[in-house]
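> Input: one structure, supplied below.
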Amino acid sequence: IAMEVDEACERAGGRDYLELRASRCEVGIAGCGSGKVEGSVRLSSGRTAVAVEVKGPESSPSGAPTKPTAGRDGLLVTVRSIVRPISGLAGEREQDLESKVVSFVEGILDPSCPPRTTVTVVVQILSEDGSLLATILNATAMALVEAGVPLFGSPVAVSIAVADSGTPRVRLDPHLRE
């Protein structure tokens, strides 16, 4: 299959195929230090927006199950995630997103993270117009950094779509119509 990246073509909204939508980030939206929230971020990418709060790392309750995170021996950190939809009750899609957030966080935690602790990530979907998972993961990474959770680096996520209209075209940061 031949893949074509045509940088000269534009798509709806005037963006090129390899152009990201405008993003806006607000850090410290939950008034960190109040309650147990250590890091909080509101991130929008085009018309997709999420708010993420990170609690922890805090001591895991005694007797709480712990397992080595991301297969690294000796790192006993529990990662919890809660994803709330725009409205209504959480469903199968939100459970799938929670699982992806947990895997993402487990994969980027640095071994210097205190053992027998819990990191909780709460995601509120505010609006959606494509690239939701990438927006959630980028906001999660920013909130973890603001919370001071030790990470392996500064991860970044991007959504990619392949549109098949004759010759497949790669599109970065697709919106729902794409």
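The values are calculated or read from the model by the stated rules, or taken from the named source; none is laboratory data. Model, not experiment: these values are computed from the prediction. Using ideal geometry, Cβ is built from the backbone for each residue, glycine included, and neighbour counts are taken over all protein chains shown. Heavy atoms of the whole protein, side chains included, go into the accessibility calculation; ligands, DNA and RNA do not. Shrake-Rupley method; radii C 1.70, N 1.55, O 1.52, S 1.80 Å.
> For a quick check of your reading of the model, give me the residue pairs whose first member lies in the range 145-167 and is outside any strand (DSSP E or B), whose second is loosely packed, with under 12 Cβ neighbours inside 10 Å, with beta-carbon atoms closer than 7 Å and at least 6 apart or on different chains.
PRO150/SER112
> In the range 110-138, what residues are over 18 Å from ILE160 (Cα atoms) and out of contact with any strand residue (DSSP E or B) (no Cβ under 6 Å at 6 or more places or on another chain)? Working first, answer last.
First, the residues of the range 110-138 that are over 18 Å from ILE160 (Cα atoms): 110-127.
Of everything in the range 110-138, those that are over 18 Å from ILE160 (Cα atoms) and out of contact with any strand residue (DSSP E or B) (no Cβ under 6 Å at 6 or more places or on another chain) turn out to be PRO111, SER112.
> Condition check: modelled with pLDDT of 80 or more and touching a helix residue (DSSP H, G or I) at 6+ places or on another chain (Cβ under 6 Å). Does VAL77 satisfy that? Steps first, answer last, please.
Details: modelled with pLDDT of 80 or more: no; touching a helix residue (DSSP H, G or I) at 6+ places or on another chain (Cβ under 6 Å): yes.
Considered against the rule, which asks whether it is modelled with pLDDT of 80 or more and touching a helix residue (DSSP H, G or I) at 6+ places or on another chain (Cβ under 6 Å), VAL77 comes out as no.
> Continuing with this model, one more query. I'm trying to understand the selection: among the residues of the range 135-153, which are open to solvent by less than 10 Å² (accessible area, probe 1.4 Å) and either closer than 13 Å to THR48 by Cα or among the charged types (D, E, K, R) (or both)?
Correct list: THR135, ILE136, ALA139.
> What single numbered condition from (1) outside any strand (DSSP E or B); (2) within 25 Å of VAL27 (Cα to Cα) fails to hold for GLN95?
Here GLN95 clears every test but (2).
> Can you name the condition, by its number, that PRO114 falls short on among (1) modelled with pLDDT of 90 or more; (2) in a loop (DSSP other than H, G, I, E, B)?
That leaves (1) as the condition not met.
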